[in-house]
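We did not get these values from a lab; they are worked out from the coordinates using the rules stated. Because the structure is a prediction, the values reported are computed rather than measured. No Cβ is skipped: glycine too gets one built from the backbone with ideal geometry, and neighbour counts run over all protein chains shown.
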Amino acid sequence: MTLVAADLRRYADPAVRLELARRSTGIDYAALEGPGVAFDFDGLLAQAGASLAEIADLQRRRKVGGTPLHELTRITALVRSIAEPGHGATIVLKDEAANASGSFKARRASLPVEVARQRGYDGIVAATSGNYGAAVASQAAMVGLRCIIVQETFDSHGRAQPEILEKARACEAYGAEVLQLSVGPELFLVLNALLDETGFFSGSLFTPYAVAGVETLGHEIGVQVRTRYGRDPDAVVVSQGGGGNLQGTARGLHRAGAGGVEIIAAAVNIAGLSMASDHDFNRKSFTTSHTGFAVPYLRNPDRADLPRNAARPLRHVDRFVTVEQGEVFFATELLAQLEGIERGPAGNTALAAAIPLARALPSDHVVVVQETEYTGAGKHHHAQLAHAREQGIEVRTGDPSGGVPGRSIVLPPDASLLRAVEVDLTGVREQFVRRVAGDRALRDEEVAFLAAETRLPGERVLAAAGGSGG
Amino acid sequence: MDEARGGAVPAGTWVEIDATLMEGGQRPVSAPDTAATPLVGRVRGFTVSEARPGEPCEVVTLAGRRLSGRLSVTAPRHDHGFGRTEPQLVGLGLRLRGARP
């Protein structure tokens, strides 16, 4: 009796994983390595093999992109009512829930599914507990490819996260097999075993195919804001998980000629809760775009399911802020009751951050919240709060900064209590260098690579590496 | 998740099966919280032949794969919901839109 025939331990071997990565993506990752700690980032992105215009055309044919940009007039008015005179930027929202499958992840799934189809693969496999699973399943349905989604779904007591159950339902609605696992780091072993057994294409979130598809989102934002407001956006707030959303949006804005826009990453604070913990699994109300993913992926993007992650968020991010779980639920309620659109909740992380950020900016500025996601059973702020209460988590009203992730969720009574807490990105950039450099003496090409990876000047790279004795 | 019904289900029934993929104690010690517990998988599909709840069962999944496990749920349902309405949330939404309850 088994769901996976192979011995899973075999897939912990890096050589086995490298070969499977080559077979399941068509990318020779080993050939992109060097010199030293460096790798050919532009060469990896070029593997996507499609221009922005070609991807946009593909997405049009696959019911993706061209989403509306809504001005949030009542939320903007609320922000101005609590801002200093002359402050309170206009907040606009890119309604990505309008994509097939209900989130921006459809942009990420479009190209991998098309590549798999063109190259004659029978199917596609992805490991994801989030919207990306439904996106891959939906895109695969459009071209008749078979699809398997592997999810980390329940803890050792069989208790499932309601939001993840909803994603499983959606995947099955689009005709995908859903393999649901208990909590643990073996998710990636199972993924590799499935790739090996089926010979399917890898729908990893971190291939150049999956990251390139987001560039249309940044490009659309640049064009739409300029058309409507006669200026570039001043800031774009991006929810940060594995980094693909951020990189794709930043590169797309750049291609639209809006390269000067401040890119602000936002994540939900779940400090103290471990990603690998069975105990903590159901004690967080968000399954992505939280600090449990966002911070480790900033420090080490290559902790992904492939040898190299095509998304390198530190190359693009200007600021990184965190918000509390209760603040995102508040923003979700505002969006429904003031703007009349029910979205999220997890997709409203950037909106929760945008409210205090816009409050501090001049009123002639434009702040873009670059995503929404569909709402459904389980994927809902009431469902998440009910689930939290069942885990013994206290829900109360007050100052959200007083909440303790895993113990309490505090809903702010009004918008003036929302904060976007700044994270020291310089420290994160230096930690990145120390991790990569280890004890080695860096050659000039390696210093140049790390400077590009972190946006630190060369001398700061050397100083940070020197801190590790290198 | 097990259903109490003990009767056999015919071939072609939509079911959920489960299986242990790794025993507790075989799992990486780098994740101390899960190392001692089994890694369990669940998947849904159509039964290939007659099967009994709690017993070995082979299914064909939506991806067309034949997988075997223990028949854990007959005719599984997606019963996740919207939870109890959180009055504090509704109250704050109403207050902020200007219509006081």
Part-to-part distance (alpha-carbon centres) for the range A:433-468 and the range A:199-277, which is given in Å
26
Compute the relative contact order of chain B as a whole-number percentage, counting only Cα pairs closer than 8 Å that sit 6 or more residues apart in sequence.
29
Top of B:ARG27, B:ARG42, B:ARG77 by mean-square fluctuation, Gaussian network on chain B, Cα under 10 Å:
B:ARG27
For chain A, what relative contact order do you get, as a whole percent, if you take Cα pairs closer than 8 Å and at least 6 residues apart?
18
From Cα coordinates alone, what are the radius of gyration and Dmax values for the range A:87-205 in angstrom?
15.4, 58
What angle, in degrees between 0 and 90 and rounded to the nearest 10, separates the Cα long axis of helix B:87-97 from the longest principal axis of the Cα atoms of chain B?
50
Give me the dipole magnitude in Debye, nearest 20, for the range A:407-470 about the Cα centre, with unit charges on the beta carbon: positive for Lys and Arg, negative for Asp and Glu.
200
Volume per residue that the Cα convex hull of chain B spans, once the total is divided by residue count, Å³:
205
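What is the Cα convex hull volume of the range A:67-120 when expressed per residue in Å³?
Taking only Cα atoms, the range A:67-120 has a hull volume of 86 Å³ per residue.
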Once the mean of 1/r over all distinct C-alpha pairs in the protein assembly as shown is inverted, the Kirkwood radius in Å reads 24.3
Let me spell out the model: positive unit charges on the Cβ of Lys and Arg, negative unit charges on the Cβ of Asp and Glu, origin at the Cα centre of chain A. What dipole size does that give, in debye rounded to 20?
420
Do the alpha carbons of any pairs in A:LYS63/A:LYS379; A:LYS284/A:LYS379; A:LYS105/A:LYS379 sit beyond 20 Å of each other, and which pairs?
A:LYS63/A:LYS379
For the range A:328-389, just list the percent of Cα-Cα distances falling in each 10 Å bin from zero outward, please.
23, 49, 22, 6, 0
Choose one answer from B:THR13, B:THR61, B:THR85: the residue with the largest mean-square fluctuation in a GNM of chain B with alpha-carbon springs under 10 Å.
B:THR85
Taking K and R as +1 and D and E as -1, what net charge do the other residues with C-beta under 13 Å from the C-beta of A:GLU172 add up to?
+2
Picking from A:GLY406, A:LEU425, A:GLN391, whose Cα lies most toward the positive end of the charge dipole for the range A:387-450 (charges on Cβ: Lys, Arg +1; Asp, Glu -1)?
A:GLN391
Given Cα pairs under 8 Å that are at least 6 residues apart, what percent is the relative contact order of the range A:362-458?
14
Using helices alone, I'd like the mean residue ellipticity at 222 nm for chain A: each DSSP H run of four-plus residues gives -39500 (n - 2.57), total over residue count, nearest 500.
-13000 deg cm²/dmol
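Where does the range A:185-327 land on Rg(C-alpha)/(2.2 N^0.38 Å)?
1.16
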